[in-house]
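The values are calculated or read from the model by the stated rules, or taken from the named source; none is laboratory data. This one's a predicted model, so the numbers in the text were calculated from it and none came from an experiment. Note that we place each Cβ from the backbone using ideal geometry, even for glycine, and neighbour counts take in every protein chain shown.
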Amino acid sequence: MRAAVITGYGGLDVLDVVEVDDPVARPGEVVVDVRAASVNGADPKVRTGASKYDSIAFPHILGRDFSGVVREAEASSGWSAGDEVFGVSERGADGGQAERIAVAAAIVARKPPSLDHAEAAALALTGITAIYALEDVAQLRAGQRILVQGGAGGVGSFAVQLARHLGAVVTTTASAANRDYVVSLGADEVIDYRETDFTSLGERFDIVFDTVGGEVQRRSAAVVKPGGLLVFCAPGPEGANPSRHDISVRRPAVDRDRGHLERITELVEGGAVRPPAITRLPLEALVEAHRLSEGRHVRGKLVLEPRHPAA
Ligand SMILES: NC(=O)c1ccc[n+]([C@@H]2O[C@H](COP(=O)([O-])OP(=O)(O)OC[C@H]3O[C@@H](n4cnc5c(N)ncnc54)[C@H](OP(=O)(O)O)[C@@H]3O)[C@@H](O)[C@H]2O)c1
């Protein structure tokens, strides 16, 4: 099968799309014909070695979230050939940017029926990340004020909608070009971070969800109310060294399970969340996808679509 791989750790030159052996299901796994696989911030981090896992051997297949059709499944798995599923592979495992993936049957879920495969792939990791952050960790409630840093990104697009659905008053940061987009997702207030220093908003948020990281995360502590929470999913200094002691700072463990995927489906089918803006690219556009992802200005999600002659 064709697969997007890294041949080692490094720059764009370690990316390649090559023929590799078809995956073989181990006990408890299903094999899925991948129709679409997201590109995530994790991909360039794995490529450069900024995120290293002992389980990685080269060539390593990239990708985390995917959507496709079950090809092989043991009867005991609960899945049958032809079932449409989506999911997020484990960190360090071969990923979904390939024609097929073998993945634990327990961590895939039925694809939301109203979505196509690219839309489902775009919502899987972003969705579970936002759900862990806002529902499991922050326990966001109606009437609370939240700032979502980076509302136009993949996680941000989901988080703005989820926060609005939960009844929070939602402020988000975005550049002027993304203002209308984040308003369409449900933002009550948009801060153009290039024009306005968000720290001038003062300590007025019960919760800040940072999806940008770095300096933005460090500075985000300044707008959390005393007793409030800064929750983050992008790397930054706050986790290791909180700058304030009257707020909590937490990074959710984004574990893989079916339950959080099914929560995405519930939110989508109930009309609370729609897919983000999606740029669809062929698997062969891998290098371009990494360039765009590393640029950190993608609106919504990049999704790779492997070609399937039989589809
Ligand atoms: N812990 C986990 O399991 C987990 C899971 C998923 C993602 N993540 C991490 O979370 C981060 C976010 O990923 P992502 O895919 O949602 O998006 P992303 O590609 O990192 O972000 C793209 C968006 O960020 C916005 N942006 C860039 N700089 C900004 C700034 N200074 N202030 C506000 N917005 C800014 C851009 O909007 P403009 O063009 O308008 O600036 C763009 O729409 C990544 O670091 C990723 O690795 C972690």
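From the list Val212, Val190, pick out the single residue that is touching a Ser or Thr at 6+ places or on another chain (Cβ under 7 Å) and among the hydrophobic types (A, V, I, L, M, F, W, C).
So the residue among Val212, Val190 that is touching a Ser or Thr at 6+ places or on another chain (Cβ under 7 Å) and among the hydrophobic types (A, V, I, L, M, F, W, C) is Val190.
Identify, from the list His297, His260, His290, His245, the residue that is at pLDDT 95 or above, out of contact with any strand residue (DSSP E or B) (no Cβ under 6 Å at 6 or more places or on another chain) and over 29 Å from Asp33 (Cα atoms).
His297
Could you check region 255-295 and list, in sequence order, the residues that are crowded, with 16+ Cβ neighbours inside 10 Å, farther than 24 Å from Tyr181 by Cβ and of a type in the set (A, V, I, L, M, F, W, C)?
Leu261, Leu283, Leu286
Tell me which of these Arg218 doesn't satisfy, since it passes every other one: (1) of a type outside the set (Val, Ile, Thr); (2) exposed (fewer than 14 other Cβ atoms within 10 Å of the Cβ); (3) in a helix (DSSP H, G or I).
For Arg218, the failing item is (2).
Looking at region 101-133, which of its residues are among the charged types (D, E, K, R) and either buried (at least 24 other Cβ atoms within 10 Å of the Cβ) or touching a Phe, Trp or Tyr at 6+ places or on another chain (Cβ under 6 Å) (or both)?
Lys111
Would you be able to say whether some residue in region 283-290 is in the same structural domain as Ala152 (by TED's automatic domain parsing) and charged (D, E, K, R)?
no
Any idea how many residues of region 221-235 are surrounded by 22 or more Cβ atoms within 10 Å (Cβ to Cβ) and either assigned by TED's automatic domain parsing to the domain that holds Ala109 or assigned to a loop (DSSP other than H, G, I, E, B) (or both)?
Counting residues in region 221-235 that are surrounded by 22 or more Cβ atoms within 10 Å (Cβ to Cβ) and either assigned by TED's automatic domain parsing to the domain that holds Ala109 or assigned to a loop (DSSP other than H, G, I, E, B) (or both) gives 1.
Working carefully through the options Ala159, Ala130, Ala120, Ala177, find the one that is more than 10 Å from the ligand (Cβ to nearest atom) and either outside any helix (DSSP H, G or I) or at negative phi (or both).
It is Ala120.
Looking for something touching a Leu at 6+ places or on another chain (Cβ under 6 Å), within 15 Å of the ligand (Cβ to nearest atom) and not aliphatic (A, V, I, L, M) - is there at least one such residue anywhere in region 206-214? Talk me through it step by step, then tell me what you get.
Looking only at region 206-214, we keep the residues that are touching a Leu at 6+ places or on another chain (Cβ under 6 Å), and these are 207-208.
Now drop any that are not within 15 Å of the ligand (Cβ to nearest atom), which leaves 208.
Then drop every residue that is not not aliphatic (A, V, I, L, M), which leaves none.
No, the conditions are met nowhere in region 206-214.
Mind listing just one residue for me: the one in region 236-278 that is part of a strand (DSSP E or B) and out of contact with any Pro (no Cβ under 8 Å at 6 or more places or on another chain) and, of those, nearest to Ser114 (Cα to Cα)?
Of region 236-278, the ones part of a strand (DSSP E or B) are 248-250, 278.
Checking the rest, the ones that are also out of contact with any Pro (no Cβ under 8 Å at 6 or more places or on another chain) come to 248, 250, 278.
Working: Ser248: 38, Arg250: 34, Ile278: 16 Å.
Result: Ile278.
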